[in-house]
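The next block holds one structure in the form of structure tokens; read it before the comments.
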Amino acid sequence: MTSDVVPRPATTLPATAPTTAWPSTAQAVRALAGRPEPARPALRPTVEEVRLTSFKSYRRAVLPLSPLTVLHGPSGAGKSNALDALAVLSRLALGEEIAPSLDGMGGLGGPLAVPVRGGLLGCVPHGRNAIILGCTVRSCAGPIHLELVIRTDGRVRVARESLACQGRTLVETGEQDVAGGRVNVSWHNDTRQGDIRAPFPSGSLITTQIPLRVAGSSPGERKVLAAAEQLLTALREVFPVHPVPALMRGWIRPEPQARLLPTAANLSAVLARLQGECTRRYGRLLRAVQAAAPHPLLGLDVARRGSQDLERLMAVFDEGVLGRTGADQAADGMLRLLAFAAVLLTGAGVLDVDPAAEVPWARRQLTVLAEDLGAGLCAEQTASLLRLAREMCDKDHVRLLAALHDPAPARQVGGIELVECGRDPLSGHSVLRPEAPRVPAQPGPDAPAGEPAGASGGVDLER
């Protein structure tokens, strides 16, 4: 099948789609919090909004993302499902077939080695046959909007996909050949000939195929390529982490180029690598753990036993007069804290991600998805970890989306966008409520000087 030229006027987004004239939910939340959008262009493309139109327990929900965002709510409210939505988009951005991307491809490592939580069918809402997701990426080219519908009845396929930037649709799917696994795709050409149309395989994300199919021979096609590159760069730099202490306790093989797994099962090998490659970063990691430890901690070390091919490693906490505690005896919470701190203080080169290596690192931004950040930690230890996260986010080293049961540690730290996650009592669907800022109570006419009326607290706009 050959490409066809489709003479038609330049395609624009429907009136209901977001354009540059309307701020995203994330921008609105930041404005409410008194932190307006920075004026400088976004040299590093970043995901600033995820739309969960039909995904797991969500219907028509929007998750705004700031450099540091914390989801909070009771167990079962849907916090993990929201993190999974961004993880699914990240997996699809690698360009593999949809089903193995979500069901796992096996192997010892790589972002697709294990299934996303629940696999492909677990992402489809009960009683439905489609996943509907979208996201907005902030980039130097302007906001880029992706809308995606994946059908799971019969052949797993992209049923609809569109890519838009600055209010103009750049890529859009059309007629499908379900039996043949193909879908017609038209893309912006910006010439008198009009948009170009060609059949694409429908088994993987269309945007990932654009760089291989669009020549870039016109200004319009170059816009298409630039938007696709920015979107894929942002989505591929996503690292979900959920440390599992039981997997971190054993002796493991040394790996000179160890990359931390999402479960942190190979944390000891990663510590050994950091210890040998970057003493400054290793020292910073030690100080982060010391700040949260409930007792004096003199150092972090890596114990070794055996030699050559039989050598094995284990992380060790040096507690001075109390002795040395190996990972096999350490508390679950301390192991998780050590893993989270290591993720925040390292980059994509030390994490088990598949980044857009063809893009200079200065134009890439790592986003970490931290599942159950406070598990096994007291409120002050969680706050200490969040202070480290805020420091790294303020330096533009990383962006963090974390899930917590109790928002108190995040409120204690400040500078964090809080989103409450709950369930609608009628439908049972998960809902997201960005937390409005609290406005201090104003002094009343009879209040003593220097003391506001109702000094017991501020006014919560959500109440």
Report summary line: If unit charges are put on Cβ atoms (+1 for Lys and Arg, -1 for Asp and Glu) and the dipole of segment 164-295 is taken about its Cα centre, the option from Ala215, Gly180, Leu271 lying farthest towards the positive end turns out to be Leu271
Report task. Enumerate the calculated ³J(HN,Hα) couplings along segment 102-117 in order (Karplus 6.51 cos²θ - 1.76 cosθ + 1.60, θ = phi - 60°), each rounded to whole Hz, writing x wherever the residue is Gly or Pro. Result -> 9, 8, x, 10, x, x, 8, x, x, x, 9, 5, 10, x, 5, 4
Report summary line: Dividing the helical contributions, -39500 (n - 2.57) per DSSP H run of n ≥ 4, by the residues of the chain yields a 222 nm value, nearest 500 deg cm²/dmol, of -8000 deg cm²/dmol
Report summary line: Per residue, accessible area of the chain with a 1.4 Å probe, heavy atoms of protein chains only, in Å², comes to 45 Å²
Report task. With a Förster radius of 22 Å, plug the Cβ-Cβ distance of Arg284 and Glu255 into 1/(1 + (r/R0)^6) and report the FRET value to the nearest 0.05. Result -> 0.50
Report summary line: Other residues with Cβ under 9 Å from the Cβ of Lys223 give, with Lys and Arg +1 and Asp and Glu -1, a net charge of 0
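Checking the a/c ratio against 1.5 first, then a/b against b/c, what shape does the Cα gyration tensor give for segment 115-250? Numbers along the way, then the final one.
Numbers: a/c = 2.45, a/b = 1.45, b/c = 1.69.
Because a/c hits 1.5 or more and a/b fails to exceed b/c, segment 115-250 counts as oblate.
Please work out how much length the chain gains when fully extended from Gln412 to Ala113, using 0.36 nm per residue of separation minus the C-alpha to C-alpha distance, in nm with one decimal.
Roughly 103.9 nm would be gained on extension.
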Query raised in the report: Leu404 accessible area, nearest 10 Å², 1.4 Å probe?
Result: 10 Å²
Report summary line: Scalar couplings 3J(HN,Hα) for segment 418-427 by Karplus 6.51 cos²θ - 1.76 cosθ + 1.60 (θ = phi - 60°), nearest whole Hz, x for Gly and Pro, are 9, 10, 7, 10, x, 10, 5, x, 8, 8
Report summary line: Karplus ³J(HN,Hα) for segment 158-165 (6.51 cos²θ - 1.76 cosθ + 1.60, θ = phi - 60°; Hz, whole; x = Gly/Pro) runs 7, 8, 7, 8, 9, 10, 9, 8
Query raised in the report: For Arg44, what charge total do you get from the other residues with a beta carbon under 10 Å from its beta carbon, if Lys and Arg give +1 and Asp and Glu give -1?
Result: +2
Query raised in the report: Taking a ≥ b ≥ c as the square roots of the eigenvalues of the Cα gyration tensor of segment 199-250, is the shape rounded (a/c under 1.5), prolate (a/b larger than b/c) or oblate?
Result: prolate
Report task. Obtain the nm distance between the two label points defined at Ser218 and Gln275 by a simple spin-label model: each point lies 7 Å from its Cα along the Cα-to-C-beta direction. Result -> 6.0 nm
Query raised in the report: Around Pro355, what is the net charge, scoring Lys/Arg as +1 and Asp/Glu as -1 over all other residues with Cβ under 10 Å from its Cβ?
Result: -1
Report summary line: Once all protein chains are kept in place, Met334 shows an accessible area at probe 1.4 Å, nearest 10 Å², of 30 Å²
Requested in this report: Can you bin the chain into rounded, prolate or oblate? Criterion: square roots of the alpha carbon gyration tensor eigenvalues sorted a ≥ b ≥ c, rounded for a/c under 1.5, prolate for a/b above b/c, oblate for the rest.
Outcome: oblate
**Report entry** Gained length - Gln308 relative to Asn129, 0.36 nm times residue gap less alpha-carbon distance
**Finding:** 59.2 nm
Query raised in the report: Using a 1.4 angstrom probe and counting only protein chains, how large is the accessible area of His242 in Å², to 10?
Result: 90 Å²
Query raised in the report: Largest first, how would His145, His397 line up by accessible area (1.4 Å probe)?
Result: His397, His145
Report summary line: Sorting Glu97, Glu161, Glu358 on solvent-accessible surface, 1.4 Å probe, most exposed first, gives Glu358, Glu97, Glu161
Query raised in the report: Quick one: if you stick a label point 7 Å off each Cα along the C-beta vector at Leu298 and Thr191, how many nm between them?
Result: 7.3 nm
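The values are calculated or read from the model by the stated rules, or taken from the named source; none is laboratory data. Since this is a predicted model, take the numbers as computed values, not measurements. Ideal geometry is used to build each Cβ from the backbone, glycine not excepted, and the neighbour counts take in all protein chains shown. All accessible areas refer to the heavy atoms of the entire protein, side chains included, with ligands and DNA or RNA removed. Shrake-Rupley method; radii C 1.70, N 1.55, O 1.52, S 1.80 Å.
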